[in-house]
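Everything below concerns the one structure shown next.
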Amino acid sequence: MDKKVAIVTGANSGMGLATTIELAKYGSHVIMFCRNENRGAEALKIAKEKSRSDNLSLILCDLGSLESIRKATKEFKKHHQALDLLINNAGVVSIKKRVTQDGFESQLGVNHLGHFLLTNLLLDNLKAADEARVIVVSSGAHKWGKIYFNDPHFIKNYNVIKGYGQSKLANILFARALANKLEGTNITVNSLHPGAVATNLGVDRGTGFGKMIMKGLSSFFKTPLQGVETAIYLATSPEVKGISGEYYYNKKKAPTSKRGLDLDLAEKLWRWSEEQVHL
């Protein structure tokens, strides 16, 4: 593969770090979008060692802050004109209700709205590439997901399961809508389910709650490296060149829920998301 410029969000641990390392091994110049400066710097060091590549850099980006996303994209544009790969990987699970800097419920705010703004701000850079690919990491959880337009941020009754399912359905609807809007261009957009992967996703960032639970269940889960196989396939394989608007699992096209196929719902979510992030 020719040297391509790639952005990976949530690149400081788990699947994001594994994706970064694998893309760097392919020869890509990978920009790691990380929320925390210290963790990001440590992850950058690990990625360079494991990939044996110096073609990596770090940009601080908190997907729970619209201001941070705008600042990060400006920083990227200072150094790069074209963007070949955008891997929207970062994600959170919030057992207790949390809100982002902008007042969004954290799962919808980080998993969907943050990536929605980021991708739209980088569209000109993606269009400047010869062949650009946007890859959205969703989840099988989308199958129980519903978009709660009447109370999307769960102001009344917070429920982690409903919230996570909503955010993962939003990922798929966003990918489908974007693929539809970019039909006939040099950009393809696909989403994926990585499988059950042992990461820090369900661990509370502040208290560490959930760490022992995840450790105990880790033998039943894929490793992060196994979990990124489909993302790497979608990023690098010539087999998916020109394919857009699909959902993949284990490197194959997979069925989604009926809601995941609803383009009217996808368009409604797009318009609502534009309002939320002030696009």
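The values are calculated or read from the model by the stated rules, or taken from the named source; none is laboratory data. None of these values were measured; they are calculated from a predicted model. Only protein heavy atoms, including side chains, enter the accessible area calculation; ligands, DNA and RNA are left aside. Shrake-Rupley method; radii C 1.70, N 1.55, O 1.52, S 1.80 Å.
Observations on the model:
- At 0.692 mPa s and 37 °C, Stokes D of the chain from Kirkwood alpha-carbon radius, µm² per second: 177 µm²/s
- Residue-averaged 222 nm ellipticity for the chain, from DSSP H runs of 4+ at -39500 (n - 2.57), nearest 500: -12000 deg cm²/dmol
- Gap separating the Cα centres of the stretch 163-194 and the stretch 137-158, nearest whole Å: 16 Å
- Computed log₁₀ I(q)/I(0) - Debye formula, equal Cα scatterers, no solvent, the stretch 1-97, q 0.25 Å⁻¹: -1.38
- Overall, the accessible surface of the stretch 1-134 at a probe of 1.4 angstrom is composed of carbon and sulfur to the extent of 43 percent.
- Antiparallel DSSP beta bridges within the chain, percent to nearest 5: 10 percent
- For the chain, the solvent-accessible area works out to 48 Å² per residue, with a probe of 1.4 Å and every protein chain left in place.
- Whole-number Å³ per residue for the convex hull built on Cα positions in the stretch 81-176: 97 Å³
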